[in-house]
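Note sheet for the following structure.
Please treat every number below as a calculation from the coordinates, not as lab data. Here the structure is a predicted model, which is why all the values come from computation and not from measurement. Here the Cβ is made from the backbone with ideal geometry for all residues, glycine too, and neighbour counts use every protein chain on show.
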Amino acid sequence: MRFPVTLDFGPFELSVHALLELAAYVVGFALLRREQRRHGDVIGEDARWTLNVAVIFGAVIGSKLVQWASDLDGLAQHAGEIGYWLGGKSIVGGLLGGTLAVEWAKRRHGITRRTGDALVLPLVVSIAVGRVGCFLSGLADHTYGVATSLPWGVDFGDGIARHPTQLYEIVFLGLLGMVLARRRTRAWPEGARFDVFLLAYFAFRLAIDFWKPYPRLPASIGLAATQWAALAGIVWRAAWLAHRARGVAEGVAR
């Protein structure tokens, strides 16, 4: 296979990565609407719009902050190029920023219901679709792995066989999605499915990003910016869940 993969229409060339990224958003939104129709929405329309705005802003800000932290040298070299600063995004940062923003908005507006379960399937599928685009874009996307001698190593165009970490992530998401889908009929507490997805994805990225040639932050004990964000997400969500459990227990005791 020759990377990057493009679609040629005479003099015009279309990036498959861009096409699949767009498809990921469209498919994710369609699946979210289907989930809400099938299982209903646990909050009213006004509250839903409030949380939608919060998650969009939080995801954008978190995604860019982690992406910038991952590319400090590149930003310094292209300091005056707005297009460079606007390019690229971090899924880990988007998930962390979006979740933090939603929890802040819910607390501010007194929303106590858990609202993330409907997002699980759309997130699993849309991230997987997007990773197909990352794989097909080759070296340009900077999501490939380090060199490997394993037989499934992929040459993305520089003559070096590398871990296809994009495909590893797709396999992981497929397995996680099947586990969560099979458990759908069981009586999980509200919001538990989203918590499992979030913690599992952060843990996966904390591990798999050791196989990516990302720059390591100064004094970072060998962790890249995405790994620090994933680790922060795990610690924060675990503490958040523990605090919530204590609150529920105290409420029952009273």
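Computed values, structure above
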read-out	value
Among residues of the stretch 136-155, those that are hydrophobic (A, V, I, L, M, F, W, C) and closer than 22 Å to Thr226 by Cα, counted	5
Subset of the stretch 145-204 [among the small types (Gly, Ala, Ser), free of Cβ contacts under 8 Å to residues at least 24 places away in the same chain and more than 20 Å from Gly40 (Cα to Cα)]	Ala147, Ser149, Gly153, Gly159, Ala161
Count of residues meeting criterion [exposed (fewer than 13 other Cβ atoms within 10 Å of the Cβ) and of a type in the set (A, V, I, L, M, F, W, C)] in the stretch 31-52	1
Residue in the stretch 112-120 that is more than 24 Å from Thr6 (Cα to Cα), crowded, with 22+ Cβ neighbours inside 10 Å, of a type in the set (Val, Ile, Thr) and under 19 Å from the mean Cα position of the chain (by Cα) present	yes
Every residue from the stretch 151-171 that is crowded, with 20+ Cβ neighbours inside 10 Å and of a type in the set (Phe, Trp, Tyr)	Phe156
Residue count for the stretch 23-63, restricted to those that are under 15 Å from Gly94 (Cα atoms) and either of a type in the set (Phe, Trp, Tyr) or in contact with a Lys or Arg (Cβ under 6 Å, 6 or more places away or on another chain) (or both)	3
Identity of the residue in the stretch 2-21, without any contact (Cβ under 8 Å) to a residue 12 or more places away in the chain and under 30 Å from Ile160 (Cβ atoms), that ends up surrounded by the most Cβ atoms within 10 Å (Cβ to Cβ)	Thr6
